[in-house]
Amino acid sequence: MLGDIMNLKKTDKIIAVVGVIILIVAAVGIVFYTSGENEGSKQPIKKTKQYSVEWISASGKLADITGFASKKEPFTGEFTVEALEPGSVIINVDVHITWEDNIVTKFALFRKGQDTLTAVVNSSIGESKTHSATGSGNETLSFIAYSKPNDEIIEDVESETEAESVLLEKYDGMNTISFDFEVQVVVGEKLLSLRPIKLLNYLRDKGNDFTLEITYDYYYPELQEYGTSSSDSDSTNNEGSYMGVQTWAPMAYSGKN
């Protein structure tokens with residue numbers, strides 16, 4: 001072909017050379033394009049992990065709440081029960097109330113004028129309990145919270161962090177419950193009494209002290225990694241292999257056993 005070019009005119013020679021160069025450049029471009037396309041078609045192998053979730057039983061206790069319910073106005077308050085381990089689920093809460101008539105019960109001969117104390121406790125999940133007693137009280141108000149979660153398998157996640165996120169989303173808000181309460185006292189002695197001692201007791205009786213003890217039970221998750229899986233057929237033999245335990249250890253905090 002180059003021999004033919006020598007027999008052409010100068011302008012024809014230039015055109016012929018440019019044509020050859022264009023053909024060479026085009027051929028090189030096709031080679032590189034095809035090579036790049038083949039490289040891009042190789043998708044990265046996506047490896048995923050699977051975790052088993054076992055729920056561990058635990059319990060906690062808040063600091064005791066003490067108060068004074070006046071005969072003139074009730075005592076009101078609130079408290080929050082919170083399990084701090086990530087993904088925890090509270091099962092039940094017990095509110096134990098104790099009190100004693102601090103005037104009349106000291107005198108065995110004058111039991112008829114005992115005070116009556118009534119406490120109403122409401123939970124944020126819609127349950128309400130009432131304690132009412134005369135003279136003294138010692139009762140536990142039990143609140144059912146959430147059902148115990150079942151052990152499960154979390155599949156197709158790329159890391160322990162992603163598995164934790166799945167649990168946190170599924171059990172969001174189940175690690176905390178808020179309560180409000182009201183305690184009121186009706187004194188047993190009457191203001192208009194013909195008996196001087198009863199009248200004196202009425203004037204002395206300002207109300208009663210009480211104590212609330214709050215305990216609760218809950219479950220927190222423990223993760224166990226079982227291996228990886230991928231789209232590569234050679235890696236399927238590793239599925240289900242035990243890889244160790246990933247535990248969300250309990251966090252210590254004030255007021256917890």
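Here, each number is a calculation from the coordinates, and none is a lab measurement. This one's a predicted model, so the numbers in the text were calculated from it and none came from an experiment. Methodologically, a virtual Cβ is constructed for each residue, glycine included, from the backbone with ideal geometry; neighbour enumeration extends over all protein chains shown.
Table for the structure above
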read-out: Vicinal HN-Hα couplings computed from phi for the stretch 56-63 (Karplus, 6.51 cos²θ - 1.76 cosθ + 1.60; Hz; Gly/Pro x); value: 9, 6, 8, 9, x, 8, 8, 5
read-out: Total formal charge among the other residues, if their Cβ is under 14 angstrom from that of Asp180, Lys/Arg +1 and Asp/Glu -1; value: -2
read-out: Pair Lys206, Glu82: separation of 7 Å Cα→Cβ label points (nm); value: 3.4
read-out: Charge tally in the Cβ shell below 10 Å around Thr140, where Lys, Arg are +1 and Asp, Glu are -1, Thr140 excluded; value: -2
